[in-house]
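Input: a single structure, listed below in structure tokens.
The values are calculated or read from the model by the stated rules, or taken from the named source; none is laboratory data. Since the structure is predicted, the reported quantities are computational estimates derived from the model, not experimental observations. Here Cβ is always computed from backbone atoms with ideal geometry, including for glycine, and neighbour counts include all displayed protein chains. Just so you know, the surface numbers come from the protein's heavy atoms only, side chains and all, with ligands and any DNA or RNA stripped out. Shrake-Rupley method; radii C 1.70, N 1.55, O 1.52, S 1.80 Å.
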Amino acid sequence: MLTGLAFYLFAAVVLVSAIAVITARNPVHSVLFLILTFFNAAGLFILLGAEFIAMILVIVYVGAVAVLFLFVVMMLDISFSDLRKGAMQYVPMGLIIGGILLAELIAVFSAWKFAPNAADNIAVPFVQSAEGITNTEAIGRVLYTDYVFAFQVSGLILLVAMIGAIVLTHRTRPGVRKQKVADQQARKKSDVLEIKKVTSGTGV
Amino acid sequence: MNNEAMTSFDFSSLGAILPELFLAVAGLVLLVAGVLRGDKSTNFIGGAVIWCLGIAAFILIGLEWDRVSILNGMFVMDPFAGFMKVLVIGGLIASVALSMQYLHQDYIARFEYPILVLFSGIGMMLMISAHDMLALYVGLELQSLALYVLASIRRDHIKSAESGMKYFVLGAISSGILLFGISLLYGYAGTTNFAILGDTLSHNMSLGVIIGLVFVLAGVAFKISAVPFHMWTPDVYEGAPASVTALFAIVPKVAAMALLIRLLFEPFAALQSEWFQIIWFIALASMVLGAFAGLAQNNIKRLMAYSSIGNMGYALIGVAASGAMGITAVIVYLAIYMAMTAGVFGVILCMRRDGNAVENIDDLAGLSKNAPKLAYILAILMFSMAGIPPLAGFFGKFLIFQSAVESGLYTLAILGIISSVVAAYYYLRIIKVMFFDEPADKFDAEISLSRKLVIGLSVIGVIFFIVNPSPLIDQSRIAASSLFSGLDDVATPDTAENNTQ
Amino acid sequence: MEYLAIFPPLVGFLMAFLFGRQMGDKGAQLITCSGVIIAAFVSCVLFVQVIFGHDGHGDPRTVHLMQWMASGDFKINWALRVDQLAVVMMCVVNIVSSCVHVYSVGYMSHDKCKARFMAYLSLFTFAMLMLVTADNLVQLFFGWEGVGVASYLLIGFWNHKDSANAAAIKAFVVNRVGDFGLALGIFAAFVVFGTVQFDAMFEMAASKADATMTFFGQDFHAITVIALLLFMGAMGKSAQLGLHTWLPDAMEGPTPVSALIHAATMVTAGVFLVARMSPVFEYAPNALLVVTLVGAATAFVAATIGMTQFDIKRVIAYSTMSQLGYMFFALGVSAYGAAIFHLMTHAFFKALLFLGAGSVIHAMSNEQDMRKMGGIWKKIPTTYVLMWIGSLALAGMPFFAGYYSKDIILEAAYADHTWFGELAYYLGIAAAVMTAFYSARLLFMTFHGKPRADKHTMDHVHESPPTMLTPLMILGTGALFAGYLFYDKFVGHHQIWQDSIFVLPENDTVEAAHHVPYWVKKLPIVAGALGLVLGWVFYLKFVGLPSVFTKVFKPLHTLFYNKWYFDEIYNAVFVKPAAAFGRVFWATDRNVVDGLGPDGVAKTSRGFGAMLSKFQTGYVFQYAFVMIIGLIAIISWFFFKLTNGQG
């Protein structure tokens, strides 16, 4: 009963805030609604017993990604209303297309069937908490064994993403002053300081 | 207790993935070397990447190509995978060799460039060997991400940045579509493994599975730029630096096509009558659009984009024809297409005037007088692209149409021939411009040796393919039949075409 | 070993063609020449091995190179079939080609594109070698087309001359007609025999002797159809009457080309083809009849034309055609050995004549008209002597090479004891008189009498350099001794052919030729001597006589001088109607068909294309939109189908 109530609560907030993300006029509000969506989605995961994913969602998406969004949106001076102008003419079309897709998906899900042997096919049997293993531990057990391939390739993907970010944004500008500690340490008085005796009245 | 997962991990089985492992390690080492030595090491890194790819090919050829599935069934090695990987490595070597000089000319000589090519190559090889939806997805993303970055690597150039952005956004959407499809399939079958999926899907199916199939195919169709998922292609081809466009045109589609073929004939084998309709439609649409939209183009890179859309359409005919014969035709077609494209882009990269790249077809005017060798080479390649015997391009098309006719796909075969006639117009137009128009100014003369080699090999391959076509065809046949040996022979869809009417 | 006889010219071609600029003219000449000389030397060694190996029984061999294509039953290999017939051809081709290569170094010394020229010569040689060593019809066809292409390139080598381009195109087009026949012949052979492999075909030939093939509802004798179609190809390549018009025009090419391609080797490909296919032709008596008649007619007609021409190279060209006619009627009466024998001797003396003519032309500052020559024999004595040797061999004077081969052909024709054999004999005798006559005419007009060239040219008459004379001497040696040395081996009592040539026992005219009446044997010599004497009378003794004769026999002379109006007739019958036809069609096409068809379609297509590219707006969200719409469309399609199908 209580879980049912919580589910409908979370789900409703997810939907409403998701709609708000795309309808809010102020982009900062959009991002804030996005964060709200993430939080509620995390709640849904907890209801499913997937507390690890829920926490990852909060930490990564809310803590890092969404906040980054927020910074970007606040720092860039983009007139979102101008951007919208052009797009507005596609709204009717978009609504029709979206409506059709929605109808179809509803039809699909309402008549959803599972394969008779679907449960047998699941590679990692659903971890029951009765066995005393949290799903964090369960993920830990398969992530580096059965799924080491996907894990390693994901690592490569992140590496490529990093290279990409550096290639596309990093540039060495001339005239940037940086602190070089080694240089500072290595400086000697004699290199930089010259003592001149100046007789008074003649100038340097 | 869950220790059997640990023990089931068998290091000795890693042999099959050795080329990829080698390349990944080499990529990391070269990355460090590049970081330490900076952009002046670009040439060294480029050369090293070519060598590494060569060694990987060597390792790959030395491997046993018997079918083996490792890493918890995520990675599969069979003659099909082996042969497609050889093609991909060849294409990568060609595209790196073509581009090294260009990088300096266009001020994008950054050491990351060849390394990104290498990583995208690893992605492609993983795609070819993917035997699990997860493996498919990570391979695809590794490949795509590196390509997104490459497309916008000339970041100060608005068009390059724009093309990278477009590719990225649309690629992300297609990934989303793909993932949604995978989740639908998982929701039905409870697995992402190809083999188990194949078994499960053959029992009975629900609408959800078909929708999942459509979504997955749409995601992959984006990668081979089949209509209607092709929209990124012309813009990205035009905007990206020419050397990157060359890479786009030569290699990734081969990998994506291999992935598509594996998907269709392993997990989706039982859904043939469904996917046949999709492939039939996108093949047709790609051929027609590739042929007609190409007519209106003036930019040669854009033209090649439409040409590649059309060519993927022809290759898809072979997929639709299915059976070992159809797939053989596809593999031969792709190999020939790669060779021709490498040569064509080799010439396109030579189109520079006063140190700037020029890209319009009119800029080729009178090339026969200014640079006769280049003109004759391009003419031969264009004749081959247009499918004029006895050049290699003709045989590719011939095998495809032959397999279509044998499978009873008359509509596709006839429309394919019509659209290749239409497309011949724009290939021949280039020849006309080169040989009969008033000469424009000369191109810059210097062409690096590596590029000359690639162009030379391409042209020689195209001309002399007729002398001894059997090695390629035989290898392709072995590769193609390996897809079918484990499974019941998939019925040719001679009745399936009637379903679409 | 076999490789060394075939592939050095290919290597030479590739090196000279690809790197000609880097290695310079000298390098290109060196590499191509050494390529063919190696090949020539090796083929001589092979000649000894193949013919005298196994204690004189012959040691033919086939070297398998690789599989070319395989499609169902249709399997073709690249192979080198080095049997007796092939090895003779290889020797002829390689030796003459070596001479021509070396000669070209001197002859083309003023040309700008030496490397390209040498490369083409080597390409030609290689293609010709592929042709003669083919062990199936398709490889033969490959070589056949290869020599066609090389010949096209070489005839049109001086592509700044319009006449050279026209001649090259004419040669190509006329040969296309023949090649069409050859290709059909190959198809027919595959239909009948189920293979194009020589060995397999020859084994089956006897069993298929009565096979028929249905064509347009009619039954035809299958072997005859094949033989006639193949012969059509041979006619084109060997310039037999009807498809001969390209050969004289081909003299627009540089003279070494004429010597190599249009005298010694390529034009004899047709003869080789028929000899190679002898097991098939033997079972097609009607085809042999046609071969004989065409050959005899060619020999006669070409000789009549040869008597009236003034261009020194054209005279030799027509004599080539006439000699090819001899070879063909020898084939027609089943005297294959005799035909190949004549092919060989002819290669020597005709290449000698052409190269000698080239030497004369070189000396006369590129003058080719014999009316503007004369009286130069003292200035170029070596060339003069060699030309005499070549001409006497051509005229069939005793103990020169041509005497042996021509005699055996004529005797074999007589010995055939059929009406067409005898007809061929008498036409051959007539042609022999004319041959001797125009040979003498050529010699006397060119070297004797008063100088008719202007003083400037005469002052510059000079003997050719050693690079040109050495090959001439080698060929001269061949023209002197080849007949005597090989008579016994080729057509005598110790024939070397073994299985490479097949003759039905009742058709063995070469054997029968040794038993013909005495007068039959001696008539050719008399004819040759008569011709020479007539030539001396007409062109040296009574110089006024030719013009008198020309007037008296004006209609005949006009006919001969205008080459029997072949070009004009073809022009009127084929070219002009075709052009007129074309114009009519063009007019209709442009106004009606194009308007609705291509132009209309092209216009619509371009419009369509432009419309399609308008979709390409450049806005990402539109692109995404198109993708999604496409996706939804496909999904909806399945929805529609499944709900309809189920409901």
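Among the candidates B:Ser420, B:Ser450, B:Ser476, B:Ser481, the residue that is of a type outside the set (A, V, I, L, M), in contact with a Lys or Arg (Cβ under 7 Å, 6 or more places away or on another chain) and modelled with pLDDT of 85 or more is uniquely B:Ser420. If you go through segment C:365-419 and keep only what is open to solvent by 40 Å² or more (accessible area, probe 1.4 Å) and of a type in the set (Asp, Glu), you end up with just C:Glu367.
Yes or no, residue by residue, for (1) open to solvent by less than 70 Å² (accessible area, probe 1.4 Å); (2) farther than 23 Å from C:Tyr103 by Cα:
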position: C:Ala5; (1), (2): yes, no
position: C:Ile38; (1), (2): no, no
position: C:Phe52; (1), (2): no, yes
position: C:Asp55; (1), (2): no, yes
position: C:Arg61; (1), (2): yes, yes
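Rundown of residues vs (1) open to solvent by less than 10 Å² (accessible area, probe 1.4 Å); (2) more than 14 Å from every other protein chain (Cβ to nearest Cβ); (3) more than 25 Å from C:Gly356 (Cβ to Cβ); (4) part of a loop (DSSP other than H, G, I, E, B), yes/no style:
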{"site": "C:Asn77", "(1), (2), (3), (4)": "no, no, yes, no"}
{"site": "C:Leu85", "(1), (2), (3), (4)": "yes, yes, yes, no"}
{"site": "C:Asn94", "(1), (2), (3), (4)": "yes, yes, no, no"}
{"site": "C:Met118", "(1), (2), (3), (4)": "yes, yes, no, no"}
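Residues considered: B:Thr200, B:Thr192. Of these, the only one that is facing chain A (nearest Cβ under 10 Å), more than 28 Å from the chain's Cα centre (by Cα) and surrounded by 23 or more Cβ atoms within 10 Å (Cβ to Cβ) is B:Thr200. Tell me, please, whether a residue that is open to solvent by 20 Å² or more (accessible area, probe 1.4 Å) and closer than 20 Å to B:Ser458 by Cβ can be found in segment B:411-426. The answer is no; no qualifying residue exists. For the criterion of being within 13 Å of chain A (Cβ to nearest Cβ) and open to solvent by 30 Å² or more (accessible area, probe 1.4 Å), B:Arg67 fails. Only residues that are polar (S, T, N, Q) and away from every other protein chain (no Cβ under 11 Å) were counted across segment B:418-477, and they come to 6.
Restricting attention to segment C:619-639, the residues that are facing chain B (nearest Cβ under 7 Å) and out of contact with any helix residue (DSSP H, G or I) (no Cβ under 9 Å at 6 or more places or on another chain) total 1. Among all residue pairs at least 6 apart or on different chains, which show Cβ distances below 8 Å where the first residue, located in segment B:42-55, is at positive phi and the second is outside any helix (DSSP H, G or I) and open to solvent by 20 Å² or more (accessible area, probe 1.4 Å)? Pairs found: none.
Listed conditions (1) outside any loop (DSSP other than H, G, I, E, B); (2) more than 7 Å from every other protein chain (Cβ to nearest Cβ); (3) open to solvent by less than 100 Å² (accessible area, probe 1.4 Å) are all met by A:Val160, apart from (2). Evaluated against (1) assigned to a helix (DSSP H, G or I); (2) over 19 Å from C:Phe272 (Cβ atoms); (3) out of contact with any helix residue (DSSP H, G or I) (no Cβ under 8 Å at 6 or more places or on another chain), C:Asp199 falls short on exactly one condition, (2). For segment A:99-115, the condition holds for at least one residue, the condition being that it is modelled with pLDDT of 75 or more, acidic (Asp, Glu), part of a helix (DSSP H, G or I) and surrounded by 14 or more Cβ atoms within 10 Å (Cβ to Cβ). For segment B:216-242, taking the residues that are aromatic (Phe, Trp, Tyr) and within 15 Å of B:Ile279 (Cβ to Cβ), the one that is farthest from the other protein chains (Cβ to nearest Cβ) is identified as B:Phe222.
Applying the criterion of being small (Gly, Ala, Ser), touching a Lys or Arg at 6+ places or on another chain (Cβ under 8 Å) and closer than 18 Å to B:Ala109 by Cα to the residues of segment B:121-163, the residue that is farthest from the other protein chains (Cβ to nearest Cβ) is B:Ser160. Look at segment B:411-430: where a residue is under 27 Å from B:Ala321 (Cα atoms) and a partner is open to solvent by less than 60 Å² (accessible area, probe 1.4 Å) and not in a helix (DSSP H, G or I), sitting 6+ places away or on another chain with Cβ atoms under 6 Å, you get B:Ser420/B:Gly387; B:Ala424/B:Ala386; B:Tyr427/B:Ala386. Residue-level analysis places C:Met344 among those that are among the aliphatic types (A, V, I, L, M), open to solvent by 10 Å² or more (accessible area, probe 1.4 Å), closer than 24 Å to C:Gly492 by Cα and not in a loop (DSSP other than H, G, I, E, B).
The residue of segment B:331-384 that is most open to solvent (accessible area, probe 1.4 Å), among those that are polar (S, T, N, Q) and in contact (Cβ under 8 Å) with a residue 60 or more places away in the chain, is B:Asn360. Restricting C:Val267, C:Val271, C:Val257 to residues that are in a helix (DSSP H, G or I), surrounded by 17 or more Cβ atoms within 10 Å (Cβ to Cβ), in contact with a Lys or Arg (Cβ under 7 Å, 6 or more places away or on another chain) and of a type in the set (A, V, I, L, M) narrows the list to C:Val267.
Can you say whether C:Phe300 is surrounded by fewer than 24 Cβ atoms within 10 Å (Cβ to Cβ), touching a Gly at 6+ places or on another chain (Cβ under 8 Å) and assigned to a helix (DSSP H, G or I), as far as the supplied structure shows? Yes: the conditions hold for C:Phe300. Scanning segment B:272-291 for residues that are small (Gly, Ala, Ser) and within 11 Å of chain C (Cβ to nearest Cβ) turns up B:Ser273, B:Ala285, B:Gly290, B:Ala291. All told, B:Gln101 meets the bar of being open to solvent by 20 Å² or more (accessible area, probe 1.4 Å), closer than 26 Å to B:Ala33 by Cβ and polar (S, T, N, Q). Taking B:Ser129 as the residue in question, decide whether it is among the polar types (S, T, N, Q), within 14 Å of B:Ala16 (Cβ to Cβ) and over 16 Å from the mean Cα position of the chain (by Cα). No; evaluated as a whole, the condition is false for this residue.
Regarding segment C:448-462, can at least one residue be identified that is buried (at least 23 other Cβ atoms within 10 Å of the Cβ) and not charged (D, E, K, R)? Looking through segment C:448-462, none of the residues is buried (at least 23 other Cβ atoms within 10 Å of the Cβ) and not charged (D, E, K, R).
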